[in-house]
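**Q** Sharing a structure below in structure tokens format, with a few things to ask.
The values are calculated or read from the model by the stated rules, or taken from the named source; none is laboratory data. It should be emphasised that the depicted structure is a prediction, and the values quoted were computed from it without experimental measurement. Every residue, glycine among them, receives a Cβ derived from its backbone with ideal geometry; neighbour counts consider all protein chains shown. These accessible areas exclude ligands, DNA and RNA; they are computed on the full protein's heavy atoms, side chains included. Shrake-Rupley method; radii C 1.70, N 1.55, O 1.52, S 1.80 Å.
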Amino acid sequence: MGLSERMYPHMNDRLSFSLFPNENFLDLRLYQYGWEQCAPLHSYGPSVRNHYLFHYVISGRGWLDSTGRDGVTRKYDLTEDQGFLICPGQVNTYCASKSDPWKYVWLEFDGLRAPEYIDSAGLGFSQPVYRPQSPAQGQSMRDTMLYIADHSQSSPLHLIGHLCLFLDGLILSSSTRRQLHGGQLKDFYIQEAVTYMEHNYHRELTVEDLADVCKLNRSYFSKLFKDNMGCPPQEFLIRLRLAKAAELMKTTGDSIGDISVMCGYPNQLHFSRAFKKRYGVSPREWRIHNQTQTKKG
């Protein structure tokens with residue numbers, strides 16, 4: 001019996017699956033998590049996810065087919081103490097070995113800060129495979145993932161705290177980790193831009209406006225923001241607006257049309273299209289589903 005089985009004896013079962021309570025977390029959010037002992041040749045896909053999905057292989061073997069931004073599908077063989085990331089909008093298929101099917105633990109997550117942290121780990125569309133710098137570091141991160149899967153009844157804040165620990169472990173242990181250097185002034189500029197967006201997301205904002213706030217050249221600001229946050233400023237602003245809209249749809253009785261205007265979308269049709277692209281359902285469908293979950297809680 002391996003260490004993970006001794007720590008979590010219920011893992012002798014074949015599957016654990018949980019959905020995260022529907023709470024308002026904008027920077028980071030869990031969606032679902034669990035672990036599974038797969039049957040031989042058990043596969044999933046081809047499919048596309050709306051959020052980040054990370055698997056850590058506890059034992060056994062399998063393979064991943066992942067399509068990069070260049071449209072080319074590449075195959076990756078994976079084994080124990082490795083992992084793989086599926087990015088939002090990325091076409092993928094993964095399958096367990098016939099002779100030695102894998103057991104893995106997974107987390108599905110997202111949030112305004114998620115692209116930044118994924119980028120810091122050196123992972124993404126073109127680099128979906130995680131290899132730890134040492135087995136001990138990878139196993140420590142694995143145990144954090146198993147803790148989340150084993151504590152689905154804990155408070156949302158408790159689980160988000162452990163999601164932060166997972167991402168910290170992912171960044172520190174990843175063999176493809178970006179080497180960060182001093183740059184307190186750069187960090188200050190990015191924080192200034194993010195704070196400005198958080199206070200003015202309802203207004204019409206351009207990249208020039210944000211660069212002016214930081215007193216930087218537009219091109220330099222755009223590159224600096226993307227390098228630090230993992231996405232362009234325009235994409236970050238869209239994610240922020242839609243996250244704020246989702247929060248308002250859950251916590252208020254305001255109409256979707258009013259909410260779209262409050263979140264920087266004077267055209268409700270444009271808002272609905274952007275929302276569905278981000279969340280996979282229309283604003284109306286999201287609100288109905290959200291209210292149903294709230295009543296059950």
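**Q** What is the helix-to-structure angle for 184-200, meaning the angle in degrees between its Cα long axis and the longest Cα principal axis of the chain, kept from 0 to 90 and rounded to the nearest 10?
**A** So the inclination is approximately 70 degrees.
**Q** Could you go through the stretch 128-134 in sequence order and give the Karplus-derived ³J(HN,Hα) for each residue, using 6.51 cos²θ - 1.76 cosθ + 1.60 with θ = phi - 60°, rounded to whole Hz, and x for Gly and Pro?
**A** Residue by residue, the stretch 128-134 yields x, 9, 9, 10, x, 5, 8 Hz.
**Q** For LEU172, what accessible surface area do you get with a 1.4 Å probe? Give it in Å², rounded to 10.
**A** 80
**Q** How would MET262, MET141 line up by accessible area, probe 1.4 Å, largest first? Show your work: numbers first, answer last.
**A** Values: MET262 80, MET141 5 Å².
Sorted by accessible area, descending: MET262, MET141.
**Q** Further question on the same structure: Using 19 Å as the Cα-Cα cut-off, could you pick out the over-long pairs in LYS244/LYS276; LYS186/LYS223; LYS75/LYS226; LYS75/LYS223; LYS250/LYS276; LYS223/LYS244? The partial results should precede the final answer.
**A** Numbers: LYS244/LYS276 15 Å; LYS186/LYS223 11 Å; LYS75/LYS226 28 Å; LYS75/LYS223 31 Å; LYS250/LYS276 16 Å; LYS223/LYS244 25 Å.
Going by Cα-Cα distance, LYS75/LYS226; LYS75/LYS223; LYS223/LYS244 fall outside the 19 Å limit.
**Q** Tabulate in residue order the Karplus-calculated ³J(HN,Hα) for the stretch 247-256, using 6.51 cos²θ - 1.76 cosθ + 1.60 with θ = phi - 60°, rounded to whole Hz; enter x for Gly and Pro.
**A** Here the 3J(HN,Hα) series is 5, 5, 5, 7, 9, 10, x, 4, 5, 4 Hz.
**Q** Counting other Cβ atoms within 10 Å of each Cβ, which trypsin sites (Lys or Arg not before Pro) in the stretch 38-119 have at most 16 and sit in a DSSP loop?
**A** Numbers: sites: ARG49, ARG61, ARG69, ARG74, LYS75, LYS98, LYS103, ARG113; in loops: ARG49, ARG69, LYS98, ARG113.
Those that pass, being in a loop and sparsely packed, are ARG69, LYS98.
**Q** While we're looking at this one, here's another question. Show the residues, 5+ positions off or on another chain, whose built amide H is closer than 5 Å to the amide H of TYR52.
**A** PHE109
**Q** Over the chain, what is the relative contact order in percent, taking alpha-carbon pairs closer than 8 angstrom and at least six residues apart? Intermediate values should be presented prior to the final figure.
**A** Numbers: 494 pairs, mean separation 48.5, N = 297.
Across the chain, relative contact order equals 16 percent.
**Q** Which entry in (i) 58, 44, 34; (ii) 63, 37, 35; (iii) 57, 48, 36 is this structure's computed Cα extents along the principal axes in Å?
**A** (iii)
**Q** If you roll a 1.4 Å probe over the chain with all protein chains in place, what percent of the accessible area is carbon or sulfur? Show your work: numbers first, answer last.
**A** Details: 7370 of 14630 Å².
Carbon and sulfur atoms account for 50 percent of the accessible area of the chain.
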